[in-house]
1. What residues qualify as long-range amide H neighbours of N337, i.e. H under 5 Å apart, gap of 5 or more or another chain, H built at 1.01 Å from N?
2. Under 19 Å from a point 7 Å along the Cα-to-Cβ line of E209: which residues of the stretch 68-82 have their amide N that close?
3. From the phi angles alone, apply the Karplus equation (6.51, -1.76, 1.60; θ = phi - 60°) to the stretch 49-56 and give each ³J(HN,Hα) in whole Hz, x where the residue is Gly or Pro.
4. Put +1 on the Cβ of each Lys and Arg and -1 on the Cβ of each Asp and Glu in the chain; which of F355, P166, H221 then has its Cα farthest toward the positive end of the dipole?
5. Choose one of V336, C452, L389: the residue whose Cα lies farthest towards the positive end of the charge dipole of the chain (beta-carbon charges +1 Lys, Arg; -1 Asp, Glu; about the Cα centre).
6. Taking a probe of 1.4 Å, how large is the accessible area per residue of the chain, in Å²?
7. Given labels modelled 7 Å from the Cα in the Cβ direction, how far is it in nm from C163 to Q280?
8. Taking the Cα-to-Cβ direction at T75 and at D192 and moving 7 Å from each Cα, how far apart do the two end points lie in nm?
Amino acid sequence: MSNHHFLHVGSVRDVETFRLHLRKLGLTIPCDDEVLAGADSPLAQPVEAGGIRIGNRFAIHPMEGWDGTADGRPTELTERRWQNFGRSGAKLIWGGEAVAVRHDGRANPNQLLIARHTRDGLARLRETLVAEHRQATGSTDGLLVGLQLTHSGRYSRPNRDDCAEPRILYHHPLLDKRLGLPATYPLLTDGDVREIIEAFHAAARMADEIGFDFVDIKHCHGYLGHEFLSAYTREGDYGGSFENRTRFLREVVEGIRAVAPGLRIGVRLSAVDSIPFNPQTNGSPGHHGKGVPESFEALLPYRWGFGVNATNPVEPDLCEVIAFLTLLGDLGIRLVNISAGSPYYNPHIQRPALFPPSDGYQPPEDPLIGVARQMQVTCRLKRRFPGLLVVGSAYTYLQDFLPNVAQAAAREGWADLIGLGRMVLSYPELPWDVLQGRPLKRKRLCRTFSDCTTAPRNGMPSGCYPLDDFYKKTETGVQLRQIKKGNRNGSNGSGEG
Ligand SMILES: Cc1cc2nc3c(=O)[nH]c(=O)nc-3n(C[C@H](O)[C@H](O)[C@H](O)COP(=O)(O)O)c2cc1C
Ligand code: SF4
């Protein structure tokens, strides 16, 4: 099936038709007729909990660009992206981008690293962002800037684009095969895990010294923190029971509290997941078939996913997710960012898009279903945990109707903050335009072409090649267009967010 079967949101001219389309799909998501501007806008209202105050309801999700130096320092491209994040007018900057706490945990050879030699560069990123925010909006009041800390675990690729160096916690019957890992491939030992935990402590202390308001202990998208949560089959201190699978989080938090007592902590979580998907094969090389789940019938009850129903793992199950958010509350963590799935094995769950990246598959569902899935899970969690500050994800595919849905979601309490990812790569000023009541610049709206995902999979920096003039005109932009025209299967599977 090709994406032509799905209504292109960009062709819908009014809110009523959009709502009708949602109804046809059987989707319940809120959508306001009119978007308000100025002080009355629900999106302009500050939000406060546990001593944290955020000046409006827009958040910028972390998004890396594969554009750091080989030793993990930011470059001008990185700085430009952070500047754009500041210019957006959003008052919550959730982490900027994934920053590895150790070299071996980098997802690609250009991922940022937090270490003594990168400290000044990271400090400059934060300063640039804050200065740009002040200049664009007139004030930094209510601005909260975090840094996302990560170890890439199974998806580590620290040295070469074409050389995966996975660090795994357990053998996964489907994901090991994808990575070509034999049954003898070594697992991280409990001792290795303790060393990684110490690296998180050191990283958080440095983030605090640099001036970040909080650190995110990344627990999403298949990376190490997320893999702990599904380590049902792992033996030892960090696997098996819920208590053991969350020991990593608890020990990271405990150490951070000791070395950086004033630093806030947040967690970005893939709250729901699914089975890994593949393109349906139809014999024609280079053709992207529709995404289908890998066969799992022989693997029931399924013990290799977090937030999935063990008897039918293509469905979510929130039981342990609720236990996890309860734990966050008990640990005094107020900042939670809800995401889903993984860009490596089921990108349509994580990042609903009409056009797949070069090694992807055609959407198996209308991408609006993916948006609604994340919104509804976030809404259920927000209502269950009113004391948490909850950020929602996956709004970009709403395109022209993003402001209408964002406003309604904030007004009706579906999420405290509306997180934006791809949309700020193509159109960084969108939140500020909405808050100021300016008409949307339709030509800048992300249409989910996925070039920002395809580029890094071909060893190039990420960026919005189709819509951002800066990248459109670069040599890499031309190169990417050639790759897209040619064999679209030429992927090396390199890094992802
Ligand atoms: C180019 C790119 C890089 C990303 N990098 C990260 C990252 O570093 N950390 C993270 O948690 N998510 C990352 N993501 C996921 C986004 O934060 C976001 O969850 C996703 O794009 C869905 O939101 P959207 O629909 O607004 O784009 C990345 C996404 C893209 C497109
Ligand atoms: S390349 Fe640009 S238009 Fe395409 S998905 Fe990324 S941000 Fe959106």
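The values are calculated or read from the model by the stated rules, or taken from the named source; none is laboratory data. This structure is a prediction, so every number in the text was calculated from the model and none was measured. Every residue, glycine among them, receives a Cβ derived from its backbone with ideal geometry; neighbour counts consider all protein chains shown. Each accessible area value is taken on the protein alone, full model and side chains, heavy atoms only, with ligands, DNA and RNA left out. Shrake-Rupley method; radii C 1.70, N 1.55, O 1.52, S 1.80 Å.
1. For N337, the qualifying residues are V267, R268, L269, V391.
2. Answer for the stretch 68-82: 72-74.
3. Computed from phi, the couplings for the stretch 49-56 are 6, x, x, 9, 10, 10, x, 8 Hz.
4. The residue sitting most towards the positive pole is F355.
5. The one lying farthest along the dipole's positive direction is C452.
6. On the way: 18300 Å² over 497 residues.
Ligands and nucleic acids excluded, the figure is 37 Å² per residue.
7. 4.0
8. 3.0
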